[in-house]
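Let me begin by presenting the structure, written as structure tokens, before commenting on it.
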Amino acid sequence: MPKDGVGGVVSEKQNTVQGVVRDANGPLAGVTVAVIGGQTATSTDETGSYSIDVPIGASLRFTFLGYLSKDVVVSSNTLDVVLDADDTALDEVVVVGYGSQKRSNITGAVSTVDTEKTFETRPITDVGRALQGAVSGLSISTPSGDLGGDPTIRLRGVSGSLQTQGGASPLILVDGVEVPSLSMINPTDIETMSVIKDASAAIYGSRAAWGVILIKTKSGKRNTKTSINYSNNIALQTPTTTPVIAGGAEGARAGLLALQRTNPSLTAYDNLGTYYDEYAIEKMAEWERLYGGQDLGLEMVEGRDYEVKDGKLYFHRLWDAEDMFMRDFTPQQNHNLNITGGSEKVNYNAGFGLVSQTGILKNNPDKYNRYNFNLGLNADITDWLTGFAKVLYSASDVTKPYSFNGDVFEPIFYMYRWPRNFPYGTIDGLPMRNAVTDVDQANMNKRSLNMARFTFGGQATLMPGFTIDADYTYSQFIDKFDINGGSIEGWDFWARTDFVYRTYTGAAHDRARKERTIRDRHVGNIYATYDKSFNLHNFKFMAGANAELFQSDNIWGQRLGLLDQDYPQLGLATGDQTTSSGASHWSTLGFFGRINYDYQDKYLLEVLARYDGSSRFNRENVWGFFPAISAGYVLSKENFMDWSKPYLDFLKIRASWGSVGNQTVPPGLYLSTLSQAASDWVIGGINQNTMTTPSIVSQNLTWETVTTQEIGVDAAFFQNKFNVTFNRFRRTISDLITGGVVLPSSFGAPSPLRNFGEMQTNGWELELAYNHSFSNGLNMRLAGQLSDFKESITKFDGQAQVRVDGTSSNYAGKIVGEIWGYETDRLFQIDDFIANENGTYTLKEGIPSQSFYETNSFKFGPGDIKYSDLNGDGVIGVGDGTVQNPGDRRIIGNSNPRYQYGFRADFDYKGFDLGFFLQGVGQRDIWAGGDFIVPGWRPAEAWYTHQMDYWTPENTGAFYYRPTNQGQSNTTLNHMPQTRYLLNMSYLRLKNLTFGYTLPASVMDKAKISKLRVFFSGENLLEFDNLDVPVDPEIDYTEQGARDRNTFGRTYPYRRTFSLGLQLTF
């Protein structure tokens, strides 16, 4: 006879089973009753009754949202079942600082993450990207799609404080110990994740000033058989959007018109020695007509593709560098193997992971690989002592071509920098000088980051309710960075008409550089916990200590003159050699305690405190005391709320207050230091070094204090189907470390830093979730979150200045991230002017003058930007440049994200599952620069298709102004900060779509397989935005690219991902 899913013998004879399903309060309607391993299912009616045909010996599964599912073997015609309430909604055990609590008893702001839906079936390479939109108040951003790039993570703010290193970045703890990056963690190794947002994070001390992300890795469960779980997804990725360079003739025409604005007699211009005039424009247009769309190969033909005429170099042939040298699709793969189980006294888990990505360049592509190993073991040593050990290992490496243009400018930047006729072909089979040739011949740089971590600890139960926990963790991080230079050969045509095949890269690139950094972290924790209850009063006491020591040692060496480019080693080079090294350390020591009290699970109170010491401050200010208190009131347990029981299951209001010190400030602020400088005394032909005047420091410099106040509401409705959480918070950073009192220049040194000033972050968060099971077996879960915050400076000593680039100096009342600019009225038209005989224009009377911004070579005319006269004085100006008198400027936007949201919907039906995840930002602005954003930034370089909609007498309704030589500026002439060209980076994105099918257990049992699920998953599949330029709405300046405004929009592209995968359990 066939076996059922539980193991009993099944009769072939069909049997009608009837019964009633109830809970502790009575019958339950809508409970799904399904035959395990079969296709038959029904649901209970309004009296809780059901009827289903099923053979004797088969098993029925009873499921209902808000209750634990129950499997029962059919042994008769009548089967009544009692379901127990599922505590996952209200009494879910949530990991908090040095312990855990029932969700219903939590008085602080803590969010949990659905690890299965968020991590395990998505084609993501790191935890950080997967968290985007998953937790209210948590901001995840990536300025580019660079392989191996580390997302920026912020919690309830962006800046933190003015001196904070890394901004409002939460402390990331994995199994109680910090990791520097979530990208080191394999997503499938995570068992639980919670985010502590409010003052209760103070239990972790000074490094938790901006909250804590708590991750617990898998360690197996007791009394479970060994299971082997394998999962993978194989994916293809393609860029979301990339720049499109304008046609050769069209781009050259715009460039010529722009340069003629400042030099009307100009008839031609050149770029890197290539000539552009009417003849060039005509020949490029002719080439497009005759040869456009044909496959002519790479070899360039003189006369057809280029020529030297009258001593001037012309390139006629048009190229599509993106199509030629970038892949449409690139591979990605992810494999995970997990072995887990446990006996009565031991549980264990071992996880292995591999992630591999290949970049978008066809030749010498960059690659990213990560390898993970996680081992957890927990065992009862005696009847009162439990020990555990955990090993966490991560190794990742990124390889990419050596950049002959520095870290700021990647190959992709140069592929989109030059006009369409920039030559990417060959002459006599040999390449031209260009970025693609650079990549083809480059050595590969390699950066490797290894983390090895070992944790040992135990828990001793000395008496009922009294435990002592202790653990020690040693972590080592090894960062290896090999920069492997060399030289590049190609036809050099830059600024010459006689092509020369030569090495065109400088001697400074013919080098090998090796950099090694070793970081060690020692962490020790010990704490005692005592639970005591009497009558209806419940107490929980916890006290302990935490100590950390962090040490870093760095050394690098470089040598020029490689003997063989294929072997870039310092020992195989003969040129100048330079080396340097550095070391640093910091330590913290904290003593902490917490008391939790509740009465009847109705009145809740938590008091905690930490006495923290940090090596980042001088001896007199090492220690700080930081308390916190929170309380909750479960109104739904009151008798006077009985009227709401038909629809209200749970209602709790809570409030918290607490403070914590911020030590994430630059080290050594209290130390007076000297710096090396050239003395300008030349002895023996060498400019001798000297030391500068010692810096002046304040010996009273101490902690910044972060104080959080919060109120919140948690509610559950309709048999726990609908859950609501709302938080309203204010975070105040006092004693800001800021500039000192302004001193006269005769003082001879900068004013010392001091504790003065205050910042505030005000915000709110809303989380909603709805679960429902339909009578036909369809299950649905909907969940969404929305949050917002504003950071402001409430106290500061300094003059409030508005800068020309749209930023402002710090001042009391400033909203952090504010962008100042002009309100754009429209484009000037011919009717706004009186045309003069000499070709110039005079504004008609009554139109505000913009002459303040004109130069000797540029005058406003038809097709230029008309700014609004906001102060009504008849001229457009800057006032006195202060916030109080900014002229015609106002705050036009803010670079910080506002109204961040996420929405997830999951459905499952008879083995099929479908889920989608939407994520977005309601408001974010950028005032950007560069060729791609500012038409005419460098008129001789590339123009783009979207910039061809510029003003002409025949196109007066254009989006862009008349072509203008902006002189590499987004602060002058037609492109001053303004509303018309401010980038609106708000968006809604289909972040993930997953469709899967789990094969029936009746089929899998025959193959000794517990579970087999196959699925399709897509990432970043679709977006809606408000941009007028073709960039991904999540883009920003990278850390390196921020040094040159021209890089915006020409960085590594974001990608869409399409994957197929499986999950297999034995």
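None of the figures in this text is laboratory data; all of them are computed from the coordinates on show. This structure is a prediction, so every number in the text was calculated from the model and none was measured. Ideal geometry is used to build each Cβ from the backbone, glycine not excepted, and the neighbour counts take in all protein chains shown.
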Degrees separating the helix 248-262 axis from the principal Cα axis of the chain, which is the longest one = 60 degrees
Indicate the gyration tensor shape class of region 694-792 (rounded, prolate or oblate), computed on the Cα atoms with a ≥ b ≥ c the square roots of the eigenvalues: a/c under 1.5 is rounded; otherwise a/b larger than b/c is prolate and the rest oblate.
-> prolate
Measure nothing but the geometry: give the 0 to 90° angle between the long axis through the Cα atoms of 278-291 and the longest principal axis through the Cα atoms of the chain, rounded to 10°.
-> 50 degrees
Could you state the number of Å between the C-alpha centres of region 698-767 and region 626-665?
-> 22 Å
Candidate values (i) -1.01, -1.23; (ii) -0.99, -1.12; (iii) -0.83, -1.03, label of the one derived for log10 I(q)/I(0) by the Debye sum over Cα atoms at q = 0.08, 0.09 Å⁻¹ | (i)
Cross-link partners among aspartates and glutamates for LYS795, C-alpha distance below 16 Å, same-chain residues fewer than 8 apart left out?
-> GLU704, ASP735, GLU758
Using +1 at the Cβ of each Lys and Arg and -1 at the Cβ of each Asp and Glu in the chain, identify which of GLY251, THR529, ASN186 lies farthest towards the dipole's positive end.
-> THR529
For the pairs LYS70/LYS645; LYS197/LYS645; LYS117/LYS221; LYS221/LYS390, note any where the Cα-Cα span goes beyond 23 Å.
-> LYS70/LYS645; LYS197/LYS645
Select from THR693, PHE1048, TYR960 the residue farthest towards the positive end of the dipole of the chain; place +1 on Cβ of Lys and Arg, -1 on Cβ of Asp and Glu, and compute about the Cα centre.
-> THR693
Which shape class, rounded, prolate or oblate, goes with region 93-221 when its Cα gyration tensor gives a ≥ b ≥ c as root eigenvalues, a/c under 1.5 marks rounded, and past that a/b bigger than b/c marks prolate?
-> oblate
May I ask you to list the aspartates and glutamates whose Cα is less than 19 Å away from that of LYS216, ignoring any residue fewer than eight positions away on the same chain?
-> ASP91, GLU92, ASP114, GLU116, GLU120, ASP126, ASP175, GLU178, ASP189, GLU191, ASP469, ASP471
Hey, got the dipole for region 94-202? About the Cα centre, +1 on K and R Cβ, -1 on D and E Cβ, debye to the nearest 20?
-> 440 debye
Please sort by residue number the chymotrypsin sites (Phe, Trp or Tyr not before Pro) in region 755-807 whose DSSP state is loop and whose Cβ has at most 13 other Cβ atoms within 10 Å.
-> PHE774
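Sorted from fewest to most neighbouring beta carbons within 10 Å, what does the list SER139, SER194 look like? Can you show the working numbers first?
Numbers: SER139 24, SER194 21.
Lowest to highest Cβ neighbour count: SER194, SER139.
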CD proxy, 222 nm, the chain: helix-only mean residue ellipticity via -39,500 (n - 2.57) per DSSP H run with n ≥ 4, per residue, nearest 500, stands at -1500 deg cm²/dmol
Can you grab the distance from the C-alpha centre of region 986-1004 to the C-alpha centre of region 195-263, Å, no decimals?
-> 21 Å
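Could you list VAL622, VAL81, VAL706 in order of exposure, starting from the residue whose Cβ has the fewest other Cβ atoms within 10 Å?
Numbers: VAL622 16, VAL81 19, VAL706 30.
Least to most surrounded, the residues fall as VAL622, VAL81, VAL706.
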For the chain, what is the charge dipole size about the Cα centre, in debye to the nearest 20, if Lys and Arg each add +1 at the Cβ and Asp and Glu each add -1 at the Cβ?
-> 2320 debye
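How would you rank ASP564, ASP805, going from fewest to most other Cβ atoms within 10 Å of each one's own Cβ? If you can, show how the numbers build up before the last one.
Working: ASP564 10, ASP805 17.
The order, fewest Cβ neighbours first, is ASP564, ASP805.
Checking the a/c ratio against 1.5 first, then a/b against b/c, what shape does the Cα gyration tensor give for region 16-82?
Details: a/c = 1.70, a/b = 1.48, b/c = 1.15.
Prolate shape, in that a/c is at least 1.5 and a/b is the bigger ratio.
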Mind ranking 506-518, 173-185, 362-374 by how tightly packed they are, going by the mean number of other C-beta atoms within 10 angstrom, highest first?
-> 173-185, 362-374, 506-518
Taking LYS844 as the anchor, which lysines have their alpha carbon closer than 30 Å to its alpha carbon, excluding any fewer than eight residues away along the same chain?
-> LYS859, LYS866
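What pairs in LYS345/LYS532; LYS345/LYS721; LYS225/LYS540 have C-alpha atoms more than 28 Å from each other? Don't jump to the answer; show the numbers that get you there.
Working: LYS345/LYS532 26 Å; LYS345/LYS721 37 Å; LYS225/LYS540 34 Å.
Checking Cα-Cα distances, LYS345/LYS721; LYS225/LYS540 exceed 28 Å.
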